[in-house]
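Note sheet for the following structure.
The values are calculated or read from the model by the stated rules, or taken from the named source; none is laboratory data. All figures in this text were calculated on a predicted structure; none of them were measured in a lab. So basically every Cβ, Gly included, is an ideal-geometry build from the backbone, and we count neighbours across all protein chains shown.
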Amino acid sequence: MTRHHRKHKKRKGHLFILFQWHRRLGLSVAVIVVFLTITGLLLNHTKNFQLDTTFVKNSLLYSWYGIRLPEKQHYFKVRNHYISQVGEAVFLDAQRFPVSVTEIKGVAWYQDMWLIVEKDQLYLLDKEGNLIEKLSKNSGLPANIIGITIRDYPILVTQNSQFISKDDFISWERQAPIATLSNTATITLPTSLQHQIRQQFFAQELSWERVLLDLHTGRFWGTAGVWIIDISAGIFLLLAGSGFMIWWRKKRQRYHGKKK
């Protein structure tokens, strides 16, 4: 066997080994390539599939993401309706109001409006729950409100005083205490209503776009998932490199074959 033939055989041996490793690496990440391709295509057409406006309604996924009802919850019953605060969200029965609050101090019904008070703010909402106006200390509202009640006119209760408005919330006049607040601590929501509020609260917490993005990046499985995707990306680079080397060596072999 001539030196040229030995050299040529050695090159073919190297090419065979390279091809074997290329094939093994490709097989090891084949499933991940398919997975990333599918999730990538879906994410690339988020608007078409409305993934950003379609929300998850699966309790297992809520638990996986650690999405739970906040501990801060307050309940009030007015005119046979339940007004609930869950976190910063406010619900009339199972309907979510378009306001965010820190802590509701009281609720009342007055002139076909819902009055919801916080420590330094008063929300006026129509019977459908649409916000009419939001009043604060800048609007003349007394500070440190602890409740609200109705005695012909709305009365705001503070620690030491009570204030009444007889001119549709334009001004508040201090008066001698005449009203008492109802106890809300013992109010318990019906089980069916609790379930409805839970569904409404989670309704826009987790979009399918976020789930797919987390799957695509590996974050869905935490740190381990991110590392798997990172390692797979490294293997993709190796595949690109080994694929180029196989192509280059085969090209050189054909070139040398033609020269003979």
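Brief remarks on what is shown
- For segment 121-166, a tally of residues being of a type in the set (Ser, Thr, Tyr) and more than 35 Å from the chain's Cα centre (by Cα) returns 5.
- Within this structure, LYS119 passes the test of being surrounded by fewer than 18 Cβ atoms within 10 Å (Cβ to Cβ), assigned to a loop (DSSP other than H, G, I, E, B), touching a strand residue (DSSP E or B) at 6+ places or on another chain (Cβ under 9 Å) and modelled with pLDDT of 90 or more.
- Just one of the listed residues (LEU206, LEU141, LEU215) is crowded, with 18+ Cβ neighbours inside 10 Å, under 21 Å from ALA89 (Cβ atoms) and not polar (S, T, N, Q), namely LEU206.
- Residue that is in a strand (DSSP E or B) and either outside the structural domain of THR39 (by TED's automatic domain parsing) or in contact with a strand residue (DSSP E or B) (Cβ under 7 Å, 6 or more places away or on another chain) (or both), where the choices are ILE187, ILE150, ILE178, ILE170: ILE150
- Among residues of segment 137-151 that are of a type in the set (D, E, K, R), those with a beta-carbon under 8 Å from a residue that is exposed (fewer than 13 other Cβ atoms within 10 Å of the Cβ) at least six positions away or on a different chain give the pairs LYS137/ALA143; ARG151/ILE178.
- Residue check, LEU131 surrounded by 18 or more Cβ atoms within 10 Å (Cβ to Cβ), at pLDDT 90 or above and out of contact with any helix residue (DSSP H, G or I) (no Cβ under 6 Å at 6 or more places or on another chain): no
- Qualifying residue in segment 102-114 (condition: hydrophobic (A, V, I, L, M, F, W, C), more than 25 Å from PRO142 (Cβ to Cβ) and in the same structural domain as ARG151 (by TED's automatic domain parsing)): no
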